[in-house]
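Here's the structure, in structure tokens; my notes come after.
All of the numbers you see were taken from the coordinates with simple rules; none came from a lab. What you are looking at is a predicted structure, and each value in this text was computed from that prediction instead of being measured. Virtual Cβ from ideal backbone geometry, glycine too; neighbours counted across all protein chains shown.
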Amino acid sequence: MTTYKTRLDYASWGRTLSVPHDVASPRFADEIAGLVSDNSGHTVLPVGLRRSYGDSNLNPNERLVDMTGLDRLIAFDRQSGVLRCEAGISFDQLNSILVPTGWFLPTTPGTRFVTVGGAIANDVHGKNHHSAGSFGCAVRAVTLARSDGAIQVIRPGSPLFSATLGGMGLTGIIVDAEIQLVRIGSAWLENERIAFSSVDDFFRLADESSAFEHTVAWIDCAAQGADLGRGVFQRANWCADGDYAAPKKGAGPSLPADFPQWALNRHSMRLFNVLYNWMQTRGPAVRREHYQPLFYPLDSLRNWNRMYGAAGFYQYQCVIPAAAAGEAVKRLLKTISASGQGSFLAVLKTLGGEGRGHLSARLATGALTWPNHPHPPAPRTPRTSPLGPTAPGLPAPAAHARGRARAAAGPLARQRARAGKHHPPHAAAGRWPHAGRGRP
């Protein structure tokens, strides 16, 4: 019988919060109902590979069900591309099985070390959101374990299904899922890199790239003056050469220790951005690249989150309506640059329509990462710190444009969800609490 054991090593990928949890690690699906129904007054939440930047994978001083032991394929139709699998299987495992058969996941985030259950609970998206939507758009069915012991199969059209997509595990524990895969003609993509000099250039390139399935841009948020808004735009389509080279298993070398806090400052950040810009623009503009380094560049270095030091980091994601995005992004970049606290990792892309979930992301999005400074230095100019020491809210430029924060990436995600306070980050969230809120 699977039981709960106290663990001290469960933290978010951002490493800003590490607290005790009672953790159960089931190996079989028939153990789940007992773990969620017999909780002795405790709250119970599922957890996967713990790659969420914020705290949406944590349940401080309460119970977690680690789902990574449920990592089996249940069924795979190689003709239709319909896959049914347990929730704890990772994208890394699936890629190694699916790619040689000419199938791929409908969309993938920036790491392959996420579980299917986590991808649904966060309704993740990738570089092809504008063409394929979020992960939930390809989910055909979910088996959900509820706190009353019931096991339900939910499908699109059900309010509970919509609440589960992006619901961060609060509607129940996802036991398994059925997913529609997509055909690919190769394990390789033809990727074009284009340097741009301004935010306006980025949006022009995005508008001109509708024929490309995958688009994304890195933007230099440390640049100032005439260089403000410069970056590198990437757009790619799958090749059709039938070369299904096996993906590299596992990750690359590991970062052995935390960087010292003093190593992360505005000077090292500016140097990093200059070097990264140079690396991205050298060599041929159009390159044939394997999907693994193209989709998952950060996976080449294990434990890369240690670069931000022992205090960890905050990932901030926001989405801004297309009509206001250009001016809002410019103001956001000016605010960040003036603060001297620019992000080492800054991503900008346009999104497609709304997802199926009540808490799915939408519109034009930016993702920024800041070191956590428990005792930040005095701001160089009034009100210039982009997020502050605890990243409590939406920066003014995004808020003024009626933007939204992505709850799954930020701090206090689950606590806010339990309190029904998701309306500011997500316009559709008013429907979510009525679909079943509380303990799973």
*In nm, what is the difference between 0.36 nm times the number of residues separating residue 148 and residue 6 and their Cα-Cα distance?*
48.7 nm
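Does the range 57-112 classify as rounded, prolate or oblate by the C-alpha gyration tensor (a ≥ b ≥ c root eigenvalues; a/c under 1.5 gives rounded; else a/b over b/c gives prolate, otherwise oblate)?
On the way: a/c = 3.11, a/b = 2.02, b/c = 1.54.
Note, shape of the range 57-112 comes out prolate.
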*If R0 is 30 Å, what FRET efficiency do you get for residue 75 and residue 42 from their C-beta distance, rounded to 0.05?*
0.30
*So, by mean Cβ neighbours within 10 angstrom, what's the order for 226-238, 280-292 with the highest one leading?*
226-238, 280-292
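If you rank 306, 27 by fewest surrounding Cβ atoms within 10 Å, what's the result? Before the final figure, lay out each step's value.
Numbers: 306 17, 27 12.
Result, fewest neighbours first: 27, 306.
Taking R0 as 60 Å, what's the FRET efficiency between residue 243 and residue 18 from their Cβ-Cβ distance, rounded to 0.05?
Working: r = 43 Å, r/R0 = 0.72.
Here the calculated transfer efficiency is 0.90.
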*First measure r as the distance between the Cβ atoms of residue 140 and residue 285, then evaluate 1/(1 + (r/R0)^6) with R0 = 35 Å and state the FRET efficiency to the nearest 0.05.*
0.35
*Peptides 119-129, 153-163, 252-262: what's the order by average Cβ count within 10 Å, highest mean first?*
119-129, 153-163, 252-262
